[in-house]
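To keep things clear, I will list the structure first and then write my remarks on it.
The values are calculated or read from the model by the stated rules, or taken from the named source; none is laboratory data. None of the values given here were measured: they were computed from a predicted structure. Counting neighbours? That spans all protein chains shown, and the Cβs are built from the backbone with ideal geometry, glycine included. When the accessible area is computed, the model is the full protein with side chains, heavy atoms only, and any ligands, DNA or RNA have been set aside. Shrake-Rupley method; radii C 1.70, N 1.55, O 1.52, S 1.80 Å.
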Amino acid sequence: QVQLEESGGGLVQAGGSLRLSCAVSGRTLFNYVVGWFRQGPGKEREIVAGIDRSGVGTYYADSVKGRFTVSRDIAKNTVYLQMNSLKPEDTAVYYCAAHPAIGIVTTTNYQYWGQGTQVTVSS
């Protein structure tokens, strides 16, 4: 069984930065694609970024390209989402999820999910 736990959310002013962490337990990251998703108030859950099993392949939604960076630490079995130049529209609950696919899955069809962490960006 794979378990994921997000941390690092909080309240930040527009233009600020946050780094989210997704600690994965139960299986090594070499076995899973990990995606970062968010769900804003009244909105559907959407993918923000993803990183493949090798840690080399990454994906970013157009809305965050150039501002967000996904990375991982194999020794800690943890995936990170560095978020810079935050905007009020980035306000959402952020989730990480794991999928045993080979390539990055950009839909919400992931097998394992964390509980989410709130990110609020004030204007």
Thr91 fails exactly one of (1) over 18 Å from Leu4 (Cβ atoms); (2) open to solvent by 60 Å² or more (accessible area, probe 1.4 Å); (3) in contact (Cβ under 8 Å) with a residue 24 or more places away in the chain; (4) β-branched (Val, Ile, Thr), namely (2)
Within segment 3-36, restricting to residues that are of a type in the set (S, T, N, Q) and closer than 13 Å to Val121 by Cβ, the one that is farthest from the chain's Cα centre (by Cα) is Gln13
Over segment 66-123, the set of residues under 17 Å from Arg27 (Cβ atoms), touching a strand residue (DSSP E or B) at 6+ places or on another chain (Cβ under 6 Å) and among the small types (Gly, Ala, Ser) is Ala97, Ala98, Ala101, Gly114
Scanning segment 104-123 for residues that are open to solvent by less than 40 Å² (accessible area, probe 1.4 Å) and within 13 Å of Ile47 (Cβ to Cβ) gives Val105, Tyr110
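Conditions tested, residue by residue: (1) open to solvent by 30 Å² or more (accessible area, probe 1.4 Å); (2) of a type in the set (Gly, Ala, Ser); (3) within 15 Å of Cys96 (Cα to Cα).
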| site | (1), (2), (3) |
| --- | --- |
| Gly16 | no, yes, no |
| Ser25 | yes, yes, yes |
| Arg38 | no, no, yes |
| Val48 | no, no, yes |
| Gly57 | no, yes, no |
| Ser63 | yes, yes, no |
| Ser71 | yes, yes, yes |
| Ala75 | yes, yes, no |
| Val79 | no, no, yes |
The correct count of residues that are more than 21 Å from Arg19 (Cβ to Cβ) and open to solvent by 30 Å² or more (accessible area, probe 1.4 Å) in segment 94-103 is 4
